[in-house]
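What follows draws every value from the coordinates through simple rules; no lab data is involved. Quick caveat: nothing in here was measured; it's all calculated off a predicted structure. When we count neighbours, we look across all protein chains shown, and the Cβ atoms used for this are built from the backbone with ideal geometry, even at glycine.
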Amino acid sequence: MTSLPTDRSSLSSDPAIEDLDLLTIRQVLDPNGNSIAGTTTYSTFFKVIGNGAEPDKVVWIMNGAEKLGEATSNGSGAWETPLLPVTKFDCFSIVARGKYGTEPVSIPPKKFTVATKTPIIREVLGEAGPILDQGETYEKSVTLYVDAVPDEDARAFDGETELKSGLASGCGKLSIKLVDLEAKKYIIKIKSSADKESSPFTFTVKAAAPLTIDEVTDDEGNPVDDGESTIRRVITVKGGALANGNLSLIGGRPTPVAVKADDKGVWSHTFTALPDGEYKLNVEASYNDDVAGPRTFIVRKAVAATLETVTDKKGKLVDRDDVTFETELDVEGQGEENQSIEIYDDSEFLGVATVTSGHYKLPIGPLAEKGYSLVAKAKYPDGGESAPYLFTVEANHQAPKNTRVHNPDGTVITDGGNTFSRHVYVRGETRSLASVKIKINGVTDPDPEDSNVQGKWVRLVSQLEVGTTHVVSAVDADNPDAESNTWTITVVAEPQQ
């Protein structure tokens, strides 16, 4: 075993260290020569003494990955650092590392704590980052990071008003979170249990413009109200915030979106290709704790366009692959509410209708004599088009027209009016030399009436019942579906003399 030189009393033997051939830290001393290993010191300098190094070699003092200082060994391998300045108030676990050969490291590490008796506010942090002394913030909560006496309580004050207290760790580290801060100037001090007081840290909390979600619109500019569903997959969200404030828009899938307000405090973001689902949007400010929302809406598949019925003006259904003699028809179907449906005959555009209460109805005509293949096409995303609806219009049998009911004296009885006569004349027009049949209250007289060369015809109708309303029309004798307009009269009793 190597003996220590007699002229280095500071390197006197430590009974716990017997093998002087191993790189060893023997002592950690404060400037007064007191050992601080395993203790807490309030000194800001210390020295490290050791042995076991190769002669005349450099030894580094390491605290984790941080180099604190170095020493050079003498001819016997003993070494001693100068006084090393404290780099921070914290727990230390130091080792010696020989800067030679395989770079041996001393074991076990020497542990001690360097602390301050007077609290020091090291940093004030908000969600957006550090707040400077004498600085400004819009944050409503901040965290104070303090060096303090280990394992003792310390109190945070705004001026002389106590705000909150906390217990420092064994390494003298303390964090105190201040919440619900008002818009005003704060002068923060930390007091130890011995009433030692830190230097003040001053900052001002400023009032931010209200954080809002003002509107949600689709790609056509239509509003999407809260809780409403939409078939549009491009959605724009707009609102208000602090001018140039950084925000996070949450709930738009798949991840939060970073948004920045402009210099007028207006922010917006457009989502594209949103999948089906329910959305619940919130916007959070990074400059304070404000949150706006939620704003909810549902993106869903559109109601497909259908073409379900084709009817004539009398309400008679024209079935698929059927023949009709009517040239004025109504096309009906279903689609997305408040959206447009276009009707085509093959590629020929016939008209457009708006869906109301889930249903649309479009009059078409006059139609030419030919075959038709109608298709309903949605004018909105994902609405598609209907299956073709085929039918044929034939014009060989035209419906009678201009049916009127006359009194015996030749005067026209007003449509919907009254007459005292039980005998009336029904007159009208049809094709030249064609035949019609009279239809009263849904019952068709089997006997036809012929028209003249000009297509005019007349029929005497007798013994009409008094007190009864009669709905009169004419149908083509060869095509009972070809019916004229109706004319309504009521036979009333003559007044008593």
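Only the Cβ atoms of Lys and Arg (+1) and of Asp and Glu (-1) were treated as charged; on that basis the dipole of segment 309-393 about its Cα centre amounts to roughly 180 debye. Given a Förster distance of 45 angstrom, what is the FRET efficiency for Ser35 paired with Arg122, based on the Cβ-Cβ distance and rounded to 0.05? Here the calculated transfer efficiency is 0.95. In the chain, a dipole from Cβ-located charges (positive for Lys and Arg, negative for Asp and Glu) runs towards its positive end, and of Gln496, Thr212, Phe89 it is Phe89 whose Cα lies farthest in that direction.
Using the Cβ-Cβ distance between Val257 and Lys401 with R0 = 56 Å, the FRET efficiency computed as 1/(1 + (r/R0)^6) comes to roughly 0.25. Label sites at Thr411 and Arg233, each approximated as a point 7 angstrom past Cα along Cα to Cβ, lie 7.0 nm apart. The stretch between Val466 and Asn418 holds 16.2 nm of extra length on full extension. This uses 0.36 nm per residue minus the Cα-Cα distance. Quick one: check the C-alpha center-to-center distance for segment 407-473 versus segment 228-299, whole angstrom. Here the answer is 71 Å between Cα centres. Based on the convex hull around the alpha carbon atoms, segment 9-114 presents an average projected area of 6.1 nm².
For segment 217-278, the Kirkwood hydrodynamic radius from C-alpha pairs, put into Stokes-Einstein at 4 °C and a viscosity of 1.567 mPa s, yields a diffusion coefficient of 104 µm² per second. Farthest towards the positive end of the charge dipole of the chain, among the residues Tyr344, Phe45, Asn418, is the Cα of Phe45, using unit charges on the Cβ of Lys, Arg, Asp and Glu. When each of the peptides 309-315, 268-274 is scored by how many other beta carbons lie within 10 Å of its residues on average, the order from highest to lowest is 309-315, 268-274. With a Förster radius of 30 Å applied to the beta-carbon distance between Asp478 and Asp321, the computed FRET efficiency rounds to 0.90. Averaging 1/r over each pair of different alpha-carbon atoms in segment 401-491 and inverting the result gives 12.9 Å, the Kirkwood hydrodynamic radius.
Taken about its Cα centre, segment 193-335 carries a charge dipole of about 620 debye when Lys and Arg each add +1 at the Cβ and Asp and Glu each add -1 at the Cβ. The Kirkwood hydrodynamic radius of the chain, based on inverse pair distances between different Cα atoms, is 33.3 Å.
When only C-alpha pairs under 8 Å and at least 6 residues apart count, what is the relative contact order of segment 102-242, in percent?
Numbers: 303 pairs, mean separation 30.5, N = 141.
Value for segment 102-242: 22 percent.
When peptides 362-371, 479-488 are sorted by average Cβ neighbour count within 10 Å, with the highest value leading, the order is 479-488, 362-371.
For the cross-link pairs Lys111/Lys177; Lys140/Lys280; Lys401/Lys439; Lys313/Lys379, the ones whose C-alpha atoms lie over 18 Å apart are Lys111/Lys177; Lys140/Lys280; Lys313/Lys379. Under the simplified labelling scheme, the Thr44-Glu136 pair shows an inter-label distance of 3.4 nm, with each label point 7 Å from Cα along Cα→Cβ.
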